[in-house]
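The values are calculated or read from the model by the stated rules, or taken from the named source; none is laboratory data. The model shown is predicted, which means the values in this text are computed figures rather than measured ones. Using ideal geometry, Cβ is built from the backbone for each residue, glycine included, and neighbour counts are taken over all protein chains shown.
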Amino acid sequence: MQVSLFVTCLVDQLRPEVGQATLALLEHAGCTVNFNPSQTCCGQPACNAGYEGEAQQVARHTMDVLAGDDPIVVPSGSCAAQLKHYADLFDAEDPDHARAVALAPRVHELSAFLVDQMNYDASGASFEGTLTWHDACHTLRELGVKDQPRHLLGQVAGAQLVEAPECETCCGFGGTFAIKMPEISVAMSDRKLDEIIALGVDSIVSTDISCLMQLGGRLISRGSNIRALHLAEILAP
């Protein structure tokens, strides 16, 4: 299958190894991966901050970059959700509204794509240790993705998946929320991390770099050895 990879700006700028792992994983799954280097941000920060004109500009550019019929695979639930909601940015009579409507069904979050579209077998991957999965808000609530990453992690040799009772609780990042209300954001993070640290796991795993950045930063600040890892880093050959 030929796919387009939308790597996201946070992966590109902060965790490029996740982009490399995603590419390796998709190729191992049998995909021919196209990557357009002119892609930029999905526009979510501008959209969330109320800058509709700027969000529209970014959306138009992204639709140009991702033109075609190939499935679009995104290693981030929040960015995938933003791409799926582009139509909300344009009036119905705007030609870009029709383009956005056509784009939406082509967009797939990484774990959902591997399970639902590729029937991927992750038993060839290995990880020695205990993991817990963080249900990122957009991935769970916007996209309805919950079982797919757990299915994949359950196939990984040597990995023990431990469910956290508050796995669906927000990490506190929330894009600009973490900047505007840092004290509340940190308190929300620490509430989750208190539980995760008590579980005694080796790593927390998700497919949203924003969540992993938030939780991983707090783990470092708290002197914890627990790692915040992207799903692609666990599964990549």
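Mind checking which residues of the range 101-140 are under 13 Å from the mean Cα position of the chain (by Cα) and either modelled with pLDDT under 95 or in a helix (DSSP H, G or I) (or both)? Outline the logic, then answer.
So the first thing to find is which residues in the range 101-140 are under 13 Å from the mean Cα position of the chain (by Cα), and the list is 107-113, 133-140.
Those that are under 13 Å from the mean Cα position of the chain (by Cα) and either modelled with pLDDT under 95 or in a helix (DSSP H, G or I) (or both): Leu110, Ser111, Ala112, Phe113, Cys137, His138, Thr139, Leu140.
For the range 178-201, which positions are assigned to a loop (DSSP other than H, G, I, E, B) and in contact with a strand residue (DSSP E or B) (Cβ under 9 Å, 6 or more places away or on another chain)? Outline the logic, then answer.
Restricting attention to the range 178-201, the residues satisfying the condition of being assigned to a loop (DSSP other than H, G, I, E, B) are 181, 200-201.
Answer for the range 178-201, where residues must be assigned to a loop (DSSP other than H, G, I, E, B) and in contact with a strand residue (DSSP E or B) (Cβ under 9 Å, 6 or more places away or on another chain): Gly200, Val201.
Just wondering, is there one or more residues in the range 31-45 that are small (Gly, Ala, Ser) and under 19 Å from the mean Cα position of the chain (by Cα)? It would help to see each step written out before you state the result.
Going residue by residue through the range 31-45, those that are small (Gly, Ala, Ser) are 38, 43.
Then drop every residue that is not under 19 Å from the mean Cα position of the chain (by Cα), which leaves 43.
Scanning the range 31-45 turns up at least one residue that is small (Gly, Ala, Ser) and under 19 Å from the mean Cα position of the chain (by Cα).
Is it true that some residue in the range 51-59 is outside the structural domain of Met213 (by TED's automatic domain parsing), on the phi > 0 side of the Ramachandran plot and at pLDDT 95 or above? Write out each step before concluding.
Quick first cut of the range 51-59, residues outside the structural domain of Met213 (by TED's automatic domain parsing) only: 51-59.
Checking which are on the phi > 0 side of the Ramachandran plot leaves us with none.
The answer is no, given that none of the residues of the range 51-59 is outside the structural domain of Met213 (by TED's automatic domain parsing), on the phi > 0 side of the Ramachandran plot and at pLDDT 95 or above.
Met188 is checked against (1) outside the structural domain of Gln214 (by TED's automatic domain parsing); (2) over 20 Å from Leu5 (Cβ atoms) and fails just one. What number does that condition carry?
(1)
Looking only at the range 13-58, filter to residues that are of a type in the set (Ser, Thr, Tyr) and out of contact with any strand residue (DSSP E or B) (no Cβ under 7 Å at 6 or more places or on another chain); which one of those is nearest to Met213 (Cα to Cα)?
Thr40
For Leu212, only one of the following conditions fails: (1) more than 20 Å from His138 (Cβ to Cβ); (2) surrounded by 20 or more Cβ atoms within 10 Å (Cβ to Cβ); (3) not acidic (Asp, Glu). What is its number?
Here Leu212 meets the rest and fails (1).
Which residues, taken from the range 143-184, are surrounded by fewer than 17 Cβ atoms within 10 Å (Cβ to Cβ), small (Gly, Ala, Ser) and closer than 30 Å to Ala46 by Cα?
Gly144, Gly175, listed by residue number.
Does Ala228 fit the bill of being touching a Gly at 6+ places or on another chain (Cβ under 7 Å) and within 30 Å of Ala49 (Cβ to Cβ)? Can you show your working first?
Working: touching a Gly at 6+ places or on another chain (Cβ under 7 Å): yes; within 30 Å of Ala49 (Cβ to Cβ): yes.
Yes: the conditions hold for Ala228.
Of the residues that make up the range 70-90, is at least one at pLDDT 95 or above, surrounded by fewer than 19 Cβ atoms within 10 Å (Cβ to Cβ) and of a type in the set (Val, Ile, Thr)?
no
Going by the conditions given, is Gly175 touching a Pro at 6+ places or on another chain (Cβ under 9 Å), outside any helix (DSSP H, G or I) and in the same structural domain as Leu212 (by TED's automatic domain parsing)? Explain how you work it out, then say what you get.
Working: touching a Pro at 6+ places or on another chain (Cβ under 9 Å): yes; outside any helix (DSSP H, G or I): yes; in the same structural domain as Leu212 (by TED's automatic domain parsing): yes.
Against the criterion (touching a Pro at 6+ places or on another chain (Cβ under 9 Å), outside any helix (DSSP H, G or I) and in the same structural domain as Leu212 (by TED's automatic domain parsing)), Gly175 qualifies.
Only one of (1) crowded, with 22+ Cβ neighbours inside 10 Å; (2) among the small types (Gly, Ala, Ser); (3) under 22 Å from Tyr120 (Cβ atoms) is not met by Ala59, so which one is it?
(3)
Looking at Asn48, Asn34, which is the one that is under 24 Å from Arg141 (Cα atoms) and not assigned by TED's automatic domain parsing to the domain that holds Asp208? Spell out the reasoning first.
Details: Asn34 fails: under 24 Å from Arg141 (Cα atoms).
None of the others qualify; the one that does is Asn48.
Assess whether Ala92 counts as being free of Cβ contacts under 8 Å to residues at least 12 places away in the same chain, more than 17 Å from Gly175 (Cβ to Cβ), over 20 Å from the mean Cα position of the chain (by Cα) and in a helix (DSSP H, G or I). Outline the logic, then answer.
Values: free of Cβ contacts under 8 Å to residues at least 12 places away in the same chain: yes; more than 17 Å from Gly175 (Cβ to Cβ): yes; over 20 Å from the mean Cα position of the chain (by Cα): yes; in a helix (DSSP H, G or I): no.
When the stated conditions are applied, Ala92 does not pass them.
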